[in-house]
1. Hey, how much of the P(r) for region 393-654 falls beyond 29 Å, as a percent of Cα pairs?
2. Could you sort 559-565, 387-393, 178-184, 589-595 so that the peptide with the highest average Cβ count within 10 Å comes first and the rest follow in order?
3. Under a crude label model (7 Å from the Cα following the beta-carbon direction), how far is E216 from N320 in nanometres?
4. At 222 nm, what value in deg cm²/dmol follows for the chain if DSSP H runs of at least 4 each add -39500 (n - 2.57) and the sum is divided by all its residues, to the nearest 500?
5. So what J values fall out for region 554-569 if you push phi through Karplus, 6.51 cos²θ - 1.76 cosθ + 1.60 with θ = phi - 60°, rounded to Hz, Gly and Pro as x?
6. Apply the Kirkwood formula to region 67-204: the hydrodynamic radius equals the inverse of the mean of 1/r over all pairs of different alpha-carbon atoms; give it in Å with one decimal.
7. Taking R0 as 35 Å, what FRET efficiency do you get between K78 and E680 from their Cβ-Cβ distance, rounded to the nearest 0.05?
8. Please state the charge dipole magnitude for region 393-654, taken about the Cα centre, from unit charges on C-beta atoms (+1 on K and R, -1 on D and E), reported in debye and rounded to the nearest 20.
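Just so you know, all these numbers are worked out from the coordinates, no wet-lab data involved. Keep in mind that what you see is a predicted model, and the values were worked out from it rather than measured. Reconstructed Cβ throughout: ideal geometry from the backbone, glycine too, with neighbour counts over all protein chains shown.
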Amino acid sequence: MLNRRTFLYGSAAAAGGVMLGACSSGGGSTSGGGPKKGSGGGGGGNTTAAKGSETKALPKPSKFQEAPMLAEQVKAGKLDALEKRLPENPFVIPHKWVKPGKYGGNLLMISPSATGGAIDASNKEYMYGHTLLRWLNDGLAITGGLVESWEHNADASEWTLHFRKGLRWSDGHPWSTEDIMFWWNDLVLNTDHSETPPDECKSGTGKVAQLSAPDENTLKMKFDAPAPLTADRLAMWVKGTNGNGPKWMVPAHFAKQYHPKYNKKVGKNWASAGGLFETKVDFSRNPDCPTMTGWRLKSLKEGRTIVWERNPYYHCVMPNGDQLPYVDTLNMSIVQDKQVGKLQMQQGKLDYVHGAFFGVDLPDISAMKQSANTSKLDVILWDGGSGTSSVFFFNYDHKDPKFRKLIREPKFRKALSMATNRADIQKAIYFNTGEKTTGTLSPKAKEYVAYDEGKQVYQQWRDSALKYDPEAAKKLLDELGVVDKDGDGFREFPDGSKLKISLDYPADTVDEHKKKNAYLERDWKAIGIKAQQNPVTPEGWGDLWNTGKLTSTTAWEVGDGPNHLVYPQWLVPIENSRYCPLEGQWYNVRGTPDEGKQLNVDPFKRTPPRMEPEKGGPIEQLWKIYDKTKVEPDEMKRTKMVWDMIKIHVEHGPFFQGSVANTPRVVLARQGLMNIPKKENLAQGGFANPWIHPTPAVYDPETFFWDNPDQHKV
């Protein structure tokens, strides 16, 4: 599976660094409505110097305000009073950079659609309303969401979540833990439905938790063993619908009519993909489906437009008591052709673009700046947080025994890394942004940032095979017997047979990866290693990779976080899509009925294909430490275990080879759109890459407002 964010990088001009330096790195905010001197304007204006978010829940405001359009409905008797629509203790926005704003206006946006359809998962990445807990400060802290408070026992095997009293769905119906138990009992534990228990509902041993709801505002999670990462995992994803993490809740009062347990008229195929339940009980497809997000779906015209309108029952408020959102409507145009979309941006037809969702990236900045007088769009740069940018890694479980043996030699992989001129890649593809790296998990990860020792561990991993030294690389290859035996200018296997590295990638990949691959071809040729790019039909990629028939992956990046253990697949092979597909699948099968079966069958012919790791080898070492982290309730002890796993990567790696870490992501915002943070406002400068840290949802776009809403009406 390739990274779901798409990037369209291109070659940089020599003046790339100067161009980026001239860009704004953020947006502004206003106090009380209308720009004030020193407090900022839109995307490129001055802004408050406030940084980060308060980690302690802010006090309940003494009074509340609502949008004029809602006040009119209340006055007409068509809507409950604001105090009845809000929970007893609303979630108070904790970001230090936000200021009270003005209600009203419309936001013109764009929605990608690879197939011409209307539904894209990125549409929901603007709304964090379904999440139980929330990430703060770019993943360094966690606060409540729908959950107001929570606690666990000494070994973190029993968790109790206390939800805000008085929450309501967008149709006004009371929210309760019944909505979670419906999801759990009638979908997750229902064998007719495809939904499965998410990681946060499993203990460190992998067994599924017991969920119970003693009352309408309390949920208990009981595990058979410690589950110390539960809070972190409850903050992951935006949730609420397919494609953006586990649902975690369903409006039971609405959904029961589409479930055969409650409605005998529902057909047998109710749970099929694209079937009745999936299409009807999806707030992003069906305007009648209630939601907990700041905006609710108003209309959906397949392949054309999506319109969202404010949710009168949204549970989030500003510190001064303003119920959010400020903007009345979001109007998303569905555009299949990215070049058409970029033309719309330059023509001033859009107000806000989160570049990662539509392939707007560093190479596009120059054109966007040249059209700024027409588009009125300012360029904002947030840190992406990637640990690699475009990555290369071998299939450690290659089907050819001879090739597999060479791939598993750390000297071979180190030689290729040291022969790679990352300075050229950084300049030509990433416009001299970010930092050169051997390849790590995100430099934003808590295990690096929060501890001095962690900073040192990160630097050791980053620099472990970073130095550009072709002569040293040649020496390592010579030591392995990988030399040019036939005088054709290219090195062979130690037995004299031909050696060629296939740089495999799905044929529909973006240019960023192909351009990086061209540098690998050039640089490795200089040390006598033949490499050649190889596009592969995307539909067949998974089977080829999982059976060891592909040599490498070259079209991905490592961007997960906010810590190593919430999504550990890059740190430790526990599944089949990354550098150890068969050994990862061996780990996956542990504890299942397939464990211990087919041991006499060729690993590549087993169902599923799987391979036992070398006894005492680096993969087995990683597994043993990782299994301990899953049941260790002490955070510091877990952190030290993470550092121990990283040391294995340093000694036996690189298992994946990065190029440039933490390159920026582009956001475009129309002048006059307020409360958009700039890089300096964000605790770590931003963390825009991983979907488990959902950006921009974590920065609460519901706080965005127009300095003059009357100019932005539909």
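1. 34
2. Details: 559-565: 26.4, 387-393: 28.4, 178-184: 21.6, 589-595: 12.3.
Descending mean neighbour count gives 387-393, 559-565, 178-184, 589-595.
3. That separation, rounded to one decimal, is 3.4 nm.
4. On the way: 21 runs with 169 residues, N = 714.
So the helix-based figure for the chain works out to -6500 deg cm²/dmol.
5. 3J(HN,Hα) across region 554-569, in whole Hz: 10, 10, 8, 8, 9, x, 6, x, x, 9, 6, 9, 6, 8, x, 4.
6. About 18.9 Å, per the Kirkwood formula over Cα pairs.
7. 0.20
8. Computed charge dipole of region 393-654: roughly 220 debye.
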